[in-house]
Amino acid sequence: MKLTTAQFKTDFLNEIKTLYATDLNDTSALGQFIALGHLVRRYDGSQWTKTSEKYRKKDRKQVYYFSIEFLPGRLLKSNLLNLGLLDTVRAGLKELELDFETISAAEPDPGLGNGGLGRLAACYMDSMASLGIAGNGNGIRYRYGLFKQVFMDGYQVELPDDWLRNGNVWEIRRENKACLVRFGGNVWMQPQADGQLQPVYEQTDDVLAVPYDVGMIGYRNDVTNTLRLWSAELPPSADNAYYSQEQRDRIDDITKVLYPDDSNSEGQALRLRQEYFFSSAGVQSIIRHYGLRHQGMRELGKKIAIHINDTHPTLVIPELMRLLMDDHHCSWDVAWALTTQVMSYTNHTILQEALETWPIDMFKGLLPRIYQIVVEIDRRYRAAKTPIFGEDLVNRTAPLGNGQVRMAYLAVIGSHSVNGVAPLHTELLKNDVLRDLYQVYPERFNNKTNGIATRRWVQLANEPLSQLIDSKISPEWRQQPSQLKTLMAYQKDAKFLKQLTTVKQTNKQALAAYIKQNLGIEVRTDAIFDVQIKRLHAYKRQLLHVLEIIREYLDLKAHPATKAPAHVHIFGAKAAPSYHYAKAIIKLINALADLVNHDPDIGDRLKVVFIPNYGVSLGELIIPAADISEQISTASKEASGTSNMKLMANGAVSLATLDGANIDIIQAAGEANEYPFGLTAKAVYGYYERGDYRSVDFYQADPELKRVLDALVDGTIPGITTEGREIYDSLLRYNDEFFVLADYESYVQQQRQISQDFQDQTKWQQKALANIAAAGIFSADLAVARYADDIWQVPHTLLQD
Ligand code: 26V
C-alpha cells in the first residue's frame, strides 16, 4: 500500500490520542507498540477482507494446517515488511524522535510452541500467504505459552509466560463463529425412521470453542490469510449457576497452558482434551464454511485439504467421519473416501518415546463417539488387510493394539499422504519406524524437506547482510531466495569477503552488547562465536559440545602459550521441566561457565555463555552473529533440524553430524565448506544390530578423553557433585545411549581444524559465502510450493527460476 511519512505520523499521533487520551511523551514503548499494531491492522484491514472475498468468488480450494503449536515470533516488523511499510514507518518514527527497535522489542513474543515443530508451522503460514495459497492455520490460543526460563544457582527455574497480560493487538475474537465441543458422557445409536442410526448424547461435558483470528500477511502480494486459535470457555446459554467451580476450572484448564514437553508422550488426559478440542472445533468450522458455499459434501475433497502437523491433530480424521456421517448423513464408505482424500500427515520425530499413544480406557471415557468410529476404522482395516498382509503385520499396524490408540498409525491409515521432513528421515520412516505401514501403503510415503522463512531469518534479522547482498546482486533474492546462488560470483572478490567479515562483526557486537548487559560477561568479537541453540535433549548432544569446552579449558591451563583464536561457546536451550537429565546438563554448562569465565589464567581466550530463555526473538539476535552452527545430534535421531538452515543462511559454517537436513546442507554448500564428523546413521544402526557398542573402550583408549571425563567427577568443576556423577555414569556405567564417546575424537579434530582455519579470514568468509549462497534452496516458500503441488494440489505463485 502507499503511505507517506507525513500521513503515517498523523495517523500514529491520532491513534495514540484515541487509545490513551494523552500525548506521545506520556506513553511507554509498549503503548507505542500497541498503537502501531492497531495502525498496521487498519492499513491491512481491507486486504484481509478482500482476500476472503477473492477466495470465495474463485471458489478456491482451502488448505487447513492443523498444529497444536505455532511459534510466530513478534509480528510488527514482519507485518510492516510484508505490507511494504517498514521504511516509511521507520522514517516517520525517527522524525518523531522515537526508536523503532525499542518499540518493536516491546511486543510480547508469543511462545505457543516448544521448538522446531511450532516454528515450522509459523514459517509455513508466512509462505502460504506469500505464495497466494488459500491457507489457514488452526491451533490453540494458550493463555500461557512455553515457560520463561531463568537460572538460579545455575539451575533452570520455570516461570509462567503471561503473554496476554496487555492483550494481543493482532487477534480478533469471533464469538459468532464459536462451536461446541463435547467430552465424556454416554452415547448410544438410535435407529431413525429411515433406518439410519443417529447418536444420542447423554450427560456430556460441553465446552464452547471461541476462535481468535490473526492475520497472516503475505509478502507484498495483497494477500492476508488467517491463523485461527481456539480458546475454551463456558457455553453461554447454560445458566452459570449450574457449573460447579470444578467444572469451570476443567473447562478453563483446556487452553490454559502449552505442554512444555516435546520429548515424551505422557498420556495425560488434559493433553488428549486439548487435542480433541482444537481438532473438533477446527473441523466443525471448516464444514460450516464449506456448507455455506456448497450443496452436499460431494465436492469436499476438491475444495479442502487438511494437513496434520505431527500426530497431535490426528483426531481430525474420526471427527470428520463423525460430522459427515452423523450430521450430513454420508455412508461410511463415502465418508471414508472423502476423509482420506482430504487428509495428509507430516511426521516430525523418530524417537519411539515421542510417538503418541493413548490408553483405550481413557480415550473411550473422554471421547465415546470418536472411540466408536476408531473401533470401526480398526475393524475395517483389519478385515481389508489381513488377507493380503497376514495377521501379524496387521496386528502390529492397526490403530488399536496393546490397549492403546496408536495415533501415528491412525494418521497414516486415514491420510492419502505421509511425509518425513528430510531425505534421511523419510528413509528411516520407511525402513524402521513405519516400515510395516510402508508395506501396506507404499504410494503414500514421500519426503518434504523442511524450509525456513528467509524473510524473517535473513531480511529482517540480518539487515547488514541483506544490504550487502543488495549491493552485489539483484534484490530479486528477497522474493526468490534461490537467486542467492548468484553470489558465488564473488567467491574470489577480496573486498566483498572483507565486507562479509565486517557484517559479521557488526552482528557480533550487537550480541556481545546483549551478553554484557544481561549476563555481565564480556566477550571478544574477534573470537569464534560457536553457537548451539535448540531444546535440551540427550540426543541433540549438548554434552558433546561441553566435553569440547572442558578439553579446551584443560588445554589452555596446561599450555598457556598456545596460540589460537579466542573461542566463545554460546548456548540457548530450554529443558522440559520434568526432564531430569536435561536439567543436569544445564547445571553442568552453567557451572562450567562459572569456572571458565572467572579463571584469570584463561582471561578472554575462552568464554562460555548460556543465554537464558531462548526463543524466536533471541534467535533473531544470536543467529546473525554465529560463526559456527553446532548440529551434532546422534546420526538418525534429528528428523531434520531448522536452526541449521537459519544459521547457514546467515553465513555460519556447520559443524555437523550426517543427520537430518545436515546431510542436504553439506551437499548443497559443498563438503569443503562445512565440518562434518561422526558416525553415520548406518553405523549407528550397525551398533544396534550387533549390540557391541562399549563406551568404556573409548575412555580407556584415549587419555585426553579420560582426563576430560574425569573432570566431571574429580572436583575440577565446582558445584556439580551430583550432576557430574550422574552424567559421568550415563556415559560410562550406562553405556552412553547416544554415542557421545564414539564421536568425540572426530568432533575434536574438526574443532581443532576450525581454530586453524578461522585465522585465515579470507578463506573463512569463502566458506561463509558458500553457505549463504546455497541456503536459498531451504526457503520455506519452496518447501510449501512442493506441499501445494504434490500433496494439497492447490495453485501457488512461486516464481520458478
Ligand atoms: C512431541 C510431543 C510428544 C508427545 C508429548 C508432547 C509433544 C509435543 C511436541 C512434540 C513435537 C516433537 C517433534 C518435533 O518438534 N520435531 C522436530 O520437528 C522439526 C520440524 O520438522 C524438525 O526440524 C526437528 O528435527 C524435529 O525434532
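The values are calculated or read from the model by the stated rules, or taken from the named source; none is laboratory data. Predicted, not measured: the structure shown is a model, and the values here were computed from it. Neighbour counts run over all protein chains shown; Cβ positions are idealised from the backbone, glycine included.
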Q. Conditions: (1) modelled with pLDDT of 95 or more; (2) closer than 30 Å to E737 by Cβ. D361 meets all but one. Number of the miss?
A. (2)
Q. For segment 591-607, which residues satisfy the criterion of being under 17 Å from K516 (Cα atoms) and part of a helix (DSSP H, G or I)?
A. A593, D594, V596, N597
Q: Only residues that are surrounded by 14 or more Cβ atoms within 10 Å (Cβ to Cβ) and farther than 30 Å from Y43 by Cβ: list them for segment 170-197, please.
A: C179, L180, V181, R182, F183, G184, G185, V187
Q.
Of all residues being over 19 Å from the mean Cα position of the chain (by Cα), farther than 16 Å from I452 by Cβ and aliphatic (A, V, I, L, M) in segment 612-640, which is farthest from the ligand (Cβ to nearest atom)? Just the residue, please.
A. A625
**Q.** Among residues of segment 1-31, those that are surrounded by 14 or more Cβ atoms within 10 Å (Cβ to Cβ), in a loop (DSSP other than H, G, I, E, B) and modelled with pLDDT under 95, counted
**A.** 1
Q: Take R174 and decide whether it is touching a residue at least 12 places away in the same chain (Cβ under 8 Å), away from the ligand (no atom under 16 Å from the Cβ) and of a type outside the set (A, V, I, L, M, F, W, C).
A: yes
**Q.** Test for I452: is it surrounded by 20 or more Cβ atoms within 10 Å (Cβ to Cβ) and in contact with a Cys (Cβ under 7 Å, 6 or more places away or on another chain)
**A.** yes
Q: With the condition kept exactly as written, say whether any residue in segment 381-404 is assigned to a strand (DSSP E or B), touching a Ser or Thr at 6+ places or on another chain (Cβ under 7 Å) and assigned by TED's automatic domain parsing to the domain that holds K364.
A: yes
Q | helices (runs of 4 or more DSSP H) within segment 725-801 that include 1 or more residues over 30 Å from G420 (Cα atoms) and either assigned by TED's automatic domain parsing to the domain that holds Y64 or among the small types (G, A, S) (or both) | A | 740-757
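I want to confirm something. Restricting to segment 389-411 and keeping residues that are aliphatic (A, V, I, L, M) and touching a residue at least 24 places away in the same chain (Cβ under 8 Å), which single residue is surrounded by the fewest Cβ atoms within 10 Å (Cβ to Cβ)?
L393
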Q.
Kindly evaluate T634 against the criterion of being buried (at least 23 other Cβ atoms within 10 Å of the Cβ), touching a residue at least 12 places away in the same chain (Cβ under 8 Å) and at negative phi.
A. yes
Q. Which one of these is outside the structural domain of S629 (by TED's automatic domain parsing), within 27 Å of the chain's Cα centre (by Cα) and not in a loop (DSSP other than H, G, I, E, B): Q483, Q532?
A. Q483
Q: Please work out which one of (1) over 29 Å from the mean Cα position of the chain (by Cα); (2) at pLDDT 95 or above; (3) part of a loop (DSSP other than H, G, I, E, B) is the condition Q295 fails and give its number.
A: (2)
